Every structure is written in structure tokens, then in C-alpha cells.
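Step one of this worksheet: look at the structure below.
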Amino acid sequence: MLLAASVIQSFAQQVVSGVAAGAIYASLALALVLIYRAMDVANFAQGEMAMFATFVAYTLITQFHLPYLLAFVLTILLAFAGGVIVERAVVRPFEGAPVLTLVIVTLALFSIVNGLAGLIWGYVFKTFDSPFPARSIQVAGVFVGIQDLGVIAVTLVVLAVVFSFFRYTRLGLAMRAAALYPESSRLLGVRTSRMLALGWGLAAAVGAVSGMMVAPIVFLDPNMMQPVLLFAFAAAVLGGIESPVGSVIGGVIVGVLLALVGTYLPGGQNLRIPFGLIVIVAVLLFRPAGLLGRREMKRV
Amino acid sequence: MIGFKRLAAVLATLALTAVACGAQQSGSQATKTDPGVTQDTITLGATYPVSGTASFYYSVAKGAGAYFEYINNEKGGVNGRKIKYIVVDDAYTPANTPAKARELVQQDKVFLTYGNLGTPTNLAVRDYYNQQKVPQLFVFTGSSVWGADYSKYPWTLGWQPDYVTEGKIYARYITQSEASDKIGVLYQNDQYGKDYLNGLRAGLGDKAAAMITDTATYNANDPVDMSSQVNKLKASGANTFYVAATPAYAANAVTNAVKNGWKPKIYMNNVSGASATWRGVVKGLGASAGVDGMISSTYLKDPLDTAKWGNNAGVKLFRDVMTRYGNGCDPSGADSFCISGMASAFTMVNLLRQAGNDLTRKHVMDLACCALNETDNPLLLPGTVVKTTKTDHFPVQQEQLQRWEQDHWVPFGPVLDARKK
Amino acid sequence: MTATGALNSSRLRASTIFPALVALVVLFGIPLTTDSFQTFQFANVAVFVVAVLGLNLLTGYSGQISLGNGAFMAIGGYTTALLVARLGVPYALTIPLGGLLAAAAGVVIGIPALRLRGIYLALATFALALAVTPVLNNFDSFTGGHAGVNMNPAAPPFGLDLSNEQWLYFLCWAVAAILFLPARLLIGSRTGRAWMAIRDGETAATANGISISFYKTLAFGISAFYAGVAGSLQAVVLTYINPDSYSLALSLSLLIGAVVGGLGSVWGPVLGGLVVVWLPYLAERAAGLHLGPLSFGGKPDIGFGILLLVLMYFAPAGLAGLAARAWRRYRRLRRGSGGQADGESETVEPEPVATAERQVEPDQMST
């Protein structure tokens, strides 16, 4: 009896930790989904942009001594602006280019942003504080960190904002239209290129939130988002690469699965990254639209 | 078409001429003086992860370079010669290092290589350096293979205390202290982590199987989320947590342990010992209770502990050097890799001085491998002797245990010498 | 044969023989006139040329994006290293074996890849590249794990008076030259045309009776073979490999080498190999090797990224495309303004791949 209880408790603890980790993947996945909805491109540089924004927040807090909340909001705005600038300067010249070119462009962007961060702030780890206290509460013997709850809450809030934006605002509708039916939208007076810039700005802002959630957990350094990127992609693919809600669900599932695989599969702890590969491939093969994506018809 | 034929003829002639000239260049040239030494310079080289995910180790080179500049500018160099330190990037990828090694030896014509960083990256070029008889000195890694393989690779030498020895030190302490019967081990799934685990096991002897309740691993580029590993070890009933993980993962592991209500006695590997790391963890946790009492070891003085070392001449020197030549190294000592860089650079300079005017690779290597006897390193713990003999090729073998208290390490007990088994 | 046809064949000879002759002269001249570091680097160039030759077929001709060909190099590398170090097999034998094993893996991966297109294939192969190191690390009883595998250096055979580096150079370039021919022939053959048809429009290709599954899988298999051979060669050159040798960076440099060299061009892989090996070195030297707070760290990455963007914008067909454009302009100038119409077909070399054109295709959205 007691053994069963402790096994269940241990299992529950793993699940809870997995959900918390999953919220991290979900938050970056949200940004990936936004870009993909805008222009059918997987932005390999999303994590680096998020990292850069986090460094900006770090500078605001440590050098300009702004209170956390102010720095948080300011960073989001700056990240939005940054995303728009990147779209105009780097992505726009390649509008209409084939997929491979765009892949190379985002890889180049990865290099530039990472190098810039290293140049400006160096590679020594820095501590970045979380706005949430580090205590845990106990629920039926399972420890739930307040910080983790905070990350989950923030992710859900961002999701709600994004979701409502697309569903209930004119601008959001225009963005969706511009992405799905560029020609028709243009005819209807939608400024499609401006929508694209908006999409990148939004994605950068969402990414900034993700980075600021990640940094307290790992240390802040130019390479901190790279391990997250693969699982963010897995989460986005699993949830449906065009669905914000799906990406969050996907993130949670990926987080929990990773925790369980790590615990109950022999050698599973060392195979997290290959597991991410398996998730991506399995989903793309058997249900390419993901859990919540639309089934796409290829028009001949 | 005619123009084309003429062009081909010209090219063929050029080619034959090139071959004729070039053929004389092949083969090694016998030289009287070793390359890399001139009237006024000695050129040292090293491969480091200047870019990539391991680039935080680059601070070691910065610390060493700062000390060399200090020597050059304020001490007249080494026996009148200035040290030129060339550091090239191999991005911690052993596939890149062989080319970089040849770049240093053939192009930059370094006298010797000093402080190359990384175990696989050094293994990748160990054969090359030994064949070329270019010293691969004081490699910056805690692997024990350099000293252990000395007879096969006499041109390669380590410097810092190795991980296996450190593990044995912890094992000895664990068996001597109470309430630490059940150990859960977290280790990085590579030679670094395995060395620590093996050291622990060796030190525990036949009690190892009984005392180590469970182990958990991770790969170097995994997401920094040790929650499932920590949960696993906690569930195994361990009351001691032995952490052989690099700083980010170690900090995350300890934070997770505290947040999940696990209160083990913690043993932290020296690689992740920097005070700055644990101050950050304490700050994140809001209180030091979970980290207090954590045990690690050190072989260096900690400039951040101003109470203990504030007036120490060696630490003052460190601060001066980093302020004036720091290359970005924080003079307060927040980046412990700068400290170890300068400490080993001191040994390097001493060695070059010892070699006097007989600046041949062979002589320097003979001194390094078997005749080091340095007692005045400014940053190693007092009483540490950097020593090598004909049978002992592990230069630094002394460490002291230290305990974390609130915001700094408190060394305790004697400075242990792994030479005395 | 028409007049144009006759002109074409002599132009074929000129456009193929001329560069080939220059190449041969340079190839033999290099190891005898440079120091062993540069010779070693050029040996590495040959390794990458082989790998990029394969990737060029896969991505440039059959249009399948792969960010993961480093995985096939790993198979080749470990095949060679394990056979040589553990079983004492002569390394020369292991090279084709490495290629074949990698080719088998390529076919296995090519099959699910059939159902992935465009960005999804890029994502899946990206994940594959990341997975290589942990997998190699994990099965350590077989691969030796993180400790890696060490081999004895390959000494020149038959007692030739060459340094190790010179021998490696000739070995690698010989293999590259041997493998260059089949690649060139494939491009011009029916298989090459089938690939290009698939690349330029799968629906139309199927309508024309081309078996997509067969040709796409074949492309994966062949490109994996090339990567496997490259991996084997690389292991011989480096003499030590461990899981960290096959990082994501390796797969990405293959792709970037292919793109920068010129996808869908015959000589692109050679240019790509040169760039992949020499550019980082030049960037490091240009940024200065001085220690210092702003030294080096970060600068080459920024420069590299900007260079890539500039190249993709101005020369989407890569350096080979630039060279082809310059060559065409040169010939147009030589013929004079009143010369023949430019209506005659370009060289027998196939057109650079669709990356050169920036089209907005109607079915781009539904990929």
C-alpha cells in the first residue's frame, strides 16, 4: 500500500515537473507558431531573438535599475520593435523566396543575433531573477513550485492574449487573412506586408516573454535558448504548427513525456533530444496537422 | 581556341615549376633553434572554445593572457623575452582541433602549446603533438589520462587536480562523517561526469554498491531541466546528493532539490564551485537554507571571500592584474575560470624562467614533467606545491574541502594531499 | 548535327576541359608548395567536397532539404574508426563500407521523408542532426561513448616520400575525383532529369509517369553514400572521433557549403568545400587573435551571418552561379554586340536550381 502510494506520488511529481518544463517549451512554441502562421517559415532564430530580448531586460534591470515589472513591459515593447525591424531589414528582401532560402536566412539570423549577444554581453553566466518567489507548496505530498506555477500562468496569459487578438480583433483577422489568402487580402485592401511585419513583431514579443521565463531557471548566457528550441519545435508540431492553443498543449505533453521517458525508460535520461526527434517525425508522418491543426489539402 | 591552348601551355609550365620548387620543401627541416623563440619573444599557443556552447571556458585563456601581459609589461617578460599568447577557436569540437593544432605549430610556429581546453579536444591532437614533439602543456581539463598515460605520451601534461582524485576525496569524507549512508549521484554523461562517479566509487571501495542508491545522468546539450533526475534520486531514498554537473545544470539540480522538499547533504564538484553561481542560486531561492552546508573542494583561493583573502598578497595581485589587463575578467573574482587561468599561467611563467636560456622544447618538457617544484603560486591554497617527479606527473594534487555558508565558501580541515594515499 | 550543335559540343569540351585542367594543376601543386597545415586544410576541403557533392544531389537536384546529413557522416566515420581501431581492418577497405552503411541508413530515412516536404523536412532533419551526438554517446558500449575512438595515423603506403598530411591530401582528393564522375553523370542522366522534374513540380512529374518515391529515396540513399564516404575519410584524416565531432554545426556547414557553393550546379560542391573549410579560418584571422573583452568572440559569427545574407540576396545560385553569370557575360562581350542571338541553349550544364528564381508559386502556401 505504502509502496504504491509512494510510486504514485513519485509519478505525480514527475508529471508536475514535466508540466512546468512544458510551459517553457510552450512559451517559445507560441512564438514559432506566430511566425509560421504569418509566412510558412520555421524561424530557427526565434530562440536567439528571445535570448537577446532577455539580455535587454537584464541590462534594464541591472544597469538602469528599473523595477522588474517596468523592465518586463519595456522589453516586450522593444522586442516587438526589434521583430518589426528584423522583418523589414532581413526577411522582406527575401519575400517570395523558396523555402530553402528562407531556412538559410533564419540560420544566418541565428548566427548574427547569437554573435551580437556574445559581443555585447560576453559568455559568462549571469543570474536573472524571477519575479516569483522560489517557494513550493505541497499538494498531496507533491511539491509544486510557485515559480513553476508563475511560468504556467504567464504562458496561459500570453496564449489568451494571442488567441483573443486573432479571434476578436480586426487587426488579428486581417493578419490571418493576409497569411492564408495573400492575393485576395491585398485586393480587399489589407496591407499584407505590414501584416508580415506585425507578425514578426508579435512573435518577437512573445519570444521575449519566453526568454524572461527561461532565464531564471537556467543561467542567462547567449546560448541559453538553444536546448529549448528543439522541444519548442516539437511542441509546435505536436500541437499543430498553426495553432497557438495547440502549441501550448503540445508543450505540456512534450514536457510530461520527457519527464516520464527520463524516469521510466532505462537510459531515457540521455535520450531526450532523440526523443524530441521521434516526436517530431512521428507527428509529421502520422498526423502532420498535429493535434489541433487544420488538415491541409494540397491544391493541385 | 588558339588562346585556350596557349593558356594551357602556360599553366602546365607554371605547374611543373611549382612542383620542382615545392619538392624541395617537403620533409622536415632541421633547425638549430626551436621555433617560437626569438631574441625578444616566446610564442605560446592554445586551442579554446572561443565560440559555441562551451565558450564560458574562454575566461581561462583571458585570465592567463592577462597574467602574461602583466609579466610582459611590468616584469620585463621572462628572462628578457615577452610572451605572445595565440589562442585559436576550436569551438570545443574535436573535429576542428587537428587543423587548429597544425595552424599553431606550422603557421604560427609556436614554441609550445599551453592550457589547451577540453578532454576530447586534447585527445584529438595528443598523437599529433607527441609526434611533432611539441609540448602540450598544462592542458585545462580534470581528466586523469594525461598523467596516467605519460609514458606513452611524454609531451602531454595536465595541471589541475583531476576529477577522479577529487571524487575519492569526497568519498573519504563521506565515509568519515555521519548520516550520509545513501548517495544519489547526478552526473553528466561524458568522461568528466564518469570520472567523478568512478572516483566516488573507488573511494567508497566495497561499500560503493550499498551506499549509492541511484544514479541519474544527462547529456551536455540537453535542456537545463534536472527536475526528473532530481525526482528520481529523491525517490530512491538517498539522503546525500553527489553532483557531477556543470554550473548551469548543477544550479538547476540543487534548486530543484530544494523546491521539491528534498534536503540531502550536497557534494558539489569543483568545476561548478564558483561562488557567483551559488550566490545566484541563493538569491533565486530567497534563502540560503537549502544550500548551506553544501560541500565542495577547491584548490584555489577565492577572491570573493574578502573576509578571508582580502589582504592576501596573491589575491591582491589577481585583482591588480585583472583590473589592468583583465580582457574582461572581473577583478572581484566572480568568474572562477579567470582565477584558474592566472594560477596556471603563473606556473607556466615560472617554468619558462626555470628553463633559462636553454629554450628548447625538450628542456622545457623535461622540467615540466619531472622537475617542477613551485611553492609560491599566488592563487593556489597556501601550502600547495606544484610538483612533478619522474614518477609523478600530476602537478597539482592538493585540495581543501569547503562548506557553503550563506554567501561564501568556508574551507575547513587540512589541505589534503592526494599524493599521500 | 546543326551548326549550333557543333558549336555546343566544342563549347562543351572547352567549358569542361578548361576548368578541369586548371583544377588538376592546382591540385597537384598545392601539397608540394604549402606547409602541412594548409595541406591538411585542403585535405579537409576534399572531405567536404565529397559530402557536399551528395547533398547537392539531394537538395539541389531532387529538391529535398536536409539539415541532417552530418548523421550519415557519423555513420561513415564510426564505421571506419571502429573497424580500424578495434579490428585492425585496413582503412582503405572501410571507406566504401562506410559509404554503403550510410547509404542504407539514407534509404531508411528517405522513406518516411517521402511524406515530408519543405519546411517540415527541414525540421525533421534538423532534429536528426541534433540527435546524433546523444545517440552516439548513449550506446557507449558499442561506440566507446564520450571517450571516443582513436586510430593510428594513416601513413603513406609503398614507402612514398610524403608527409602524412600530403598523403591524406592525395587520398581525399583521389576519392573526391573518383566520386565526382558518377555525380556528374547522374546529373546529366535520366535520373537527374527525373530529380529536377520532381524538384520543380511533383504533381507534374507524377503526371509524366515519374515514380516520386523511387527517385526521392534514391536521392537520399546516394547522398547518404557520399556523406558516409566523406565521414570515413574524415575519420582517417582526424584519427580521433567522438560524439562531439558530429554536432549540429557539421550538418549546417554541409548545407551552407552546398548553398554557398551553388545548389544544382556541377562545380558548386568544390566551391562549397573551399568556403566551409577556409572561411572560418579567414574570419578568425581577420577578427584578430588578440585576447580582450571584445576580442574575437562573436565577431566571426556576425560577419558570417551577414555574409550569408548578402550572398543569398545577390547570388542565390551561389558562387557557382556568380561564376556562371560572369562567364556568360564575358562570352557575350567577346562575341560583341552584333553577335548571334542569345537564343542558343547555355552549356550542357543544367540550370541552377529554382533557388535562383524568386517566384511566388500558387501552391507555396499549402506545403
Original post:
Just the Cα atoms of segment C:73-216: what Rg and Dmax do they give in Å?
Top reply: 19.4, 59
Subject >> Degrees between helix A:46-62 axis and first principal axis of chain A (Cα, 0 to 90, nearest 10) >> reply: 70
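Divide the volume of the convex hull of the Cα atoms of segment A:15-86 by its number of residues and quote the answer in cubic angstrom per residue. Please report the intermediate quantities before stating the final value.
On the way: hull volume 7.8 nm³, N = 72.
Value for segment A:15-86: 108 Å³ per residue.
Round to the nearest 0.05 the FRET efficiency obtained for C:Arg115 and A:Ile8 when R0 = 25 Å and r is the Cβ-Cβ distance.
Numbers: r = 39 Å, r/R0 = 1.58.
Given R0 = 25 Å and the Cβ-Cβ separation, E is 0.05.
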Original post:
By average Cβ neighbour count within 10 Å, what is the ranking of B:151-163, A:44-56 from highest down?
Top reply: A:44-56, B:151-163
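Note the full-extension length gain between A:Tyr168 and A:Gln138 as 0.36 nm times their separation in residues minus their Cα-Cα distance, in nm to one decimal. Write down the numbers at each step before the final one.
On the way: separation 30, 0.36 × 30 = 10.80 nm, distance 3.84 nm.
Gain on extension, A:Tyr168 to A:Gln138, equals 7.0 nm.
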Subject >> Dipole of segment B:164-298, positive end: most advanced residue of B:Leu197, B:Leu233, B:Tyr187 [Cβ charges, Cα centre] >> reply: B:Leu233
Original post:
If each of C:Ser211 and A:Val161 carries a label point 7 Å out from its Cα toward its Cβ, how far apart are those two points in nm?
Top reply: 5.5
**OP:** Work from the charge dipole of chain A (Cβ charges, +1 for Lys and Arg, -1 for Asp and Glu, about the Cα centre) and give the residue of A:Leu238, A:Phe166, A:Ile76 farthest towards its positive end.
**Re:** A:Phe166
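Magnitude of the Cβ-charge dipole of the protein assembly as shown, K/R +1 and D/E -1, about the Cα centre, nearest 20 debye?
On the way: 78 positive and 62 negative charges, 325 e Å.
Computed about the Cα centre, the dipole is about 1560 debye.
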**OP:** Distance between Cα centroids, segment C:50-82 to segment B:217-240: provide it in whole Å.
**Re:** 35
**OP:** Evaluate segment A:74-171: find the radius of gyration of its Cα atoms, find its Kirkwood radius, and give the ratio Rg to Rh.
**Re:** 1.09
Subject >> Whole-number D in µm²/s for segment A:2-286 (Stokes-Einstein; Kirkwood sum over Cα pairs; 10 °C, 1.306 mPa s) >> reply: 81
Original post:
Between the helical axis of B:163-176 and the dominant principal axis of chain B, each derived from Cα atoms, what acute angle in degrees is found, rounded to the nearest 10?
Top reply: 10
Original post:
Which of the listed residues, B:Val243, B:Trp262, B:Ala220, is farthest toward the dipole's positive end in segment B:214-280, when Lys, Arg count +1 and Asp, Glu count -1 at the beta-carbon?
Top reply: B:Trp262
Original post:
Residues with amide H under 5 Å of B:Thr215's amide H, sequence separation 5 or more or different chain, H placed in the peptide plane at 1.01 Å from N; which?
Top reply: B:Val185
Original post:
Once you sort the root eigenvalues of the Cα gyration tensor of segment C:2-269 as a ≥ b ≥ c, which label holds: rounded (a/c under 1.5), prolate (a/b larger than b/c) or oblate (the other case)?
Top reply: oblate
**OP:** Give me the angle, in degrees from 0 to 90, between the Cα long axis of helix B:2-23 and the longest principal axis of the Cα atoms of chain B, rounded to the nearest 10.
**Re:** 70
**OP:** Please work out whether segment B:164-298 counts as rounded, prolate or oblate from its C-alpha gyration tensor, where a ≥ b ≥ c are the square roots of the eigenvalues and a/c under 1.5 means rounded, while otherwise a/b larger than b/c means prolate and anything else oblate?
**Re:** rounded
Subject >> Residue pairs, from the table B:Lys100/B:Lys301; A:Lys126/B:Lys82; A:Lys126/B:Lys301, whose Cα atoms sit over 29 Å apart >> reply: B:Lys100/B:Lys301; A:Lys126/B:Lys82
Original post:
What order, most packed first, do the peptides B:275-285, B:399-409 have when packing is the mean number of other Cβ atoms within 10 Å of each residue?
Top reply: B:275-285, B:399-409
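Need one word for the protein assembly as shown: rounded, prolate or oblate. Basis is the Cα gyration tensor (sqrt eigenvalues a ≥ b ≥ c); a/c below 1.5 gives rounded, then a/b vs b/c decides.
oblate
Can you check what the net charge comes to around B:Ala61, using other residues whose Cβ is under 13 Å from the Cβ of B:Ala61 (Lys, Arg +1; Asp, Glu -1)? Numbers along the way, then the final one.
Working: positive: B:Lys62; negative: B:Glu69, B:Asp89, B:Asp90, B:Asp335.
With Lys, Arg at +1 and Asp, Glu at -1, the net is -3.
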Subject >> Approximate spin-label separation C:Arg184-A:Tyr181, in nm, with each point projected 7 Å along Cα-to-Cβ >> reply: 5.3
Original post:
Under unit Cβ charges (Lys, Arg +1; Asp, Glu -1), what dipole magnitude, rounded to 20 debye, does segment B:164-298 have relative to its Cα centre?
Top reply: 240
Original post:
Taking only pairs that are 8 or more places apart or on different chains, how many Lys pairs in segment B:164-298 have Cα atoms under 22 angstrom apart?
Top reply: 27
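FYI, it's all coordinate maths here, none of it is from the lab. None of the values given here were measured: they were computed from a predicted structure. No Cβ is skipped: glycine too gets one built from the backbone with ideal geometry, and neighbour counts run over all protein chains shown.
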